[in-house]
């Protein structure tokens, strides 16, 4: 959130409000937007008025939601982003080879955002839309979280743990740190019923040198991805992640 000493505090505050709208799953009242963005109600209202004028927010009873200008901004990113462009044929091949839905995520702050997806022969019972924001400590997010700088990783782990996965498994901060270290050491993550019940995901970071460009994942019903198939799929996912990294300038 913006700090009073920031010379760009007006811009920071506007992005704070926009981020609140991005994360909302239903219309938010002005008071709730102000609370979540840690702003005075009058300040939040002034920012919302600008966002309304620019199309980045719209009124939707009983409050406000993100506006259509956000879609145009996302489209501009997708058509100009080299990573998503070079990844698409690799995702198509990976989906065909594994039969699973293949996806590509990038890290935005302490979340991951879906920027590309190709459905497999064994489709999931749900569809994640492009632009969906998801946590780093579940599923493919672990392939991004594992490479966070140490201080940032420690702060993030302490902020989310302990937590309970959808399977009912309770995860402590110590458990999560150990798991993320194994993900980093192994070069991949296997996730079983972590965010969605009876769904297995296998992911790997897309890395160019020390830079983490994103995370590549395949996911499908756990019954279609038995443990015996994990080594083969892990190999395919890591190969695909390397191919994407090699194609990026």
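Every number here is computed from the coordinates shown, using simple stated rules; none is lab data. These figures come from a predicted structure and were not determined experimentally. Cβ atoms come from the backbone with ideal geometry, glycine included; neighbour counts cover every protein chain shown.
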What distance in nm lies between label points placed 7 Å from Cα along the C-beta direction at residue 211 and residue 35?
4.2 nm
Using only the alpha-carbon atoms, how far is helix 82-98 inclined from the longest principal axis of the chain? Give it as 0 to 90 degrees, nearest 10.
40 degrees
Counting helices only, and only those DSSP H runs with n ≥ 4, report the 222 nm mean residue ellipticity of the chain as the sum of -39,500 (n - 2.57) divided by its residues, in deg cm²/dmol to the nearest 500.
-14500 deg cm²/dmol
By how many nm would the segment from residue 169 to residue 72 grow when fully extended, if each residue of separation counts as 0.36 nm and the alpha-carbon distance is taken off?
31.0 nm
Quick one: which of 14-26, 190-202 comes out on top by average Cβ neighbours within 10 Å, and what's the full order, highest first?
190-202, 14-26
Stretched fully, the stretch from residue 222 through residue 88 gains (0.36 nm per residue minus C-alpha distance, one decimal, in nm) 45.8 nm
Please give the FRET efficiency for residue 59 paired with residue 11, using the beta carbon to beta carbon distance and R0 = 35 Å, rounded to the nearest 0.05.
0.90
Considering only C-alpha atoms, what is the centroid distance from region 137-176 to region 26-49, in Å?
30 Å
Segment residue 182-residue 198, extension gain: residue separation times 0.36 nm, minus the distance between their alpha carbons:
3.5 nm
Residue among 67, 141, 109 with the largest mean-square fluctuation in a Gaussian network model of the chain, springs linking Cα atoms under 10 Å
109
Prolate/oblate/rounded call for region 81-247, Cα gyration tensor, a/c under 1.5 rounded
oblate
re region 1-107: pairs of Cα atoms spaced beyond 21 Å account for a percent value of 49 percent
